[in-house]
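The values are calculated or read from the model by the stated rules, or taken from the named source; none is laboratory data. In this text, all values refer to a predicted model and were calculated from it rather than measured experimentally. Here the Cβ is made from the backbone with ideal geometry for all residues, glycine too, and neighbour counts use every protein chain on show.
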Amino acid sequence: MKLAAFFKLIRFPNLAIAALTQYLLQYLVLVPALKSAGFSPILDLAHFSLLVLTTLLIAAGGYLINDLLDYEADLINKPEGVFVNRIFTKQKVWAFYIASILIGFAIAWYLALYVKKLPLVLIYPSAVSLLYFYSKSFKQLPLIGNVVVALFCAFVAGVVLFADRENFRQMGEAGEEVAILFGGYLWFAFLSTLVREIVKDIEDMEGDAKLGLQTLPIRFGEKTAKNWALCIGVALLFSLLWFVLWLLKRQEYISAAFTAMGVAVPLVVLLRSIQKANQKTDYSKASQQAKIVMLLGLILLLVCKFA
């Protein structure tokens, strides 16, 4: 039971999706493009897996510190999902957090030494600190906390390209498709996460308000927060439509059809749900729909590769 609870505590499904995202971007998009241009990836499979592991440890640490610092709010907003002081003591969760950070930092040092670029190790403490201060203070401020989480989700994908940035700069025109797929996915990850984070803030208004937090819906009202989510969602929808046109110009009709019907249409359904939502259960449903849209964006990578 404790093992299952631990996996829930670190949001194992989310970590699995993050790892899958990085492997798909690396081995379906980046590595084939590098090889076709006559380059070899900087990191082999073993070292790339260590890079993925450091990302997962950062994310797991972020979930752990968030549960620790959000304990009182979670007792109100989602009591059934609280594991701190119910399955694990606060001391044990703090131990998990510190262990994940130290192990990840050690791996980051090794990778920086391996590629002979020690300054790169600074990325790790920067990401860890960002997530800590998100849980400590940023998430209490309107929109800022939402943007931090969205940026981290984009970082999960972006760090893959960053590792091979020097080779990528030399690819010339051969790197255009990689740039569009990577850049497009980063943009998609950022906007879709931002929509979901705002929806979650509306869903959690009751508990957050009792603790004196100043999230977007609390500070400016539910209607304003809803409008922000809708506007960001519409921006994402137009981005998807642009991607459809780009695919059609390349005569990639299956990918274009999936983008339109498999991603854009569910996004429209999500926006409609947000527009009609007026109680906690409605926003909870919209939050789940947002997760589905995010997953469909990942599936789109597979479609674009194999269609």
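The sole residue among Ile103, Ile65 that is in contact (Cβ under 8 Å) with a residue 12 or more places away in the chain, surrounded by fewer than 16 Cβ atoms within 10 Å (Cβ to Cβ), β-branched (Val, Ile, Thr) and in a helix (DSSP H, G or I) is Ile103. What residue, among those in segment 68-91 that are modelled with pLDDT of 75 or more and exposed (fewer than 14 other Cβ atoms within 10 Å of the Cβ), is farthest from Lys8 (Cα to Cα)? It comes out as Gln91.
How do the helices (runs of 4 or more DSSP H) wholly within segment 114-228 filter down when requiring 1 or more residues that are closer than 29 Å to Leu45 by Cβ: which remain? Write out each step before concluding.
Values: elements: 123-136, 144-163, 165-169, 176-203, 205-210, 216-220.
Of the helices (runs of 4 or more DSSP H) lying wholly inside segment 114-228, those with at least 1 residues that are closer than 29 Å to Leu45 by Cβ span 123-136, 144-163, 165-169, 176-203.
For segment 32-43, does any single residue satisfy the condition of being assigned to a helix (DSSP H, G or I), surrounded by 14 or more Cβ atoms within 10 Å (Cβ to Cβ) and touching a residue at least 60 places away in the same chain (Cβ under 8 Å)? Within segment 32-43, one or more residues are assigned to a helix (DSSP H, G or I), surrounded by 14 or more Cβ atoms within 10 Å (Cβ to Cβ) and touching a residue at least 60 places away in the same chain (Cβ under 8 Å).
Only residues in segment 166-189 that are more than 20 Å from Arg250 (Cα to Cα) and modelled with pLDDT of 80 or more count as the first member; pair them with residues that are in a helix (DSSP H, G or I) and of a type in the set (Phe, Trp, Tyr), Cβ under 6 angstrom, at least 6 apart or cross-chain, and list the lot. Note: no pairs meet the criteria.
Screening Val199, Val234, Val263, Val244 for residues that are touching a Ser or Thr at 6+ places or on another chain (Cβ under 6 Å), free of Cβ contacts under 8 Å to residues at least 40 places away in the same chain and either of a type in the set (A, V, I, L, M) or at negative phi (or both) leaves exactly one candidate, Val244. Only one of the numbered conditions (1) out of contact with any Gly (no Cβ under 7 Å at 6 or more places or on another chain); (2) under 17 Å from Ile198 (Cβ atoms); (3) assigned to a helix (DSSP H, G or I) is violated by Met261, and that is (2).
Could you list all residues from segment 2-20 that are out of contact with any Leu (no Cβ under 8 Å at 6 or more places or on another chain) and either without any contact (Cβ under 8 Å) to a residue 24 or more places away in the chain or not in a loop (DSSP other than H, G, I, E, B) (or both)? Passing the criteria: Lys2, Leu3, Ala4, Ala5, Phe6, Phe7, Lys8, Phe12, Pro13, Asn14, Ala16.
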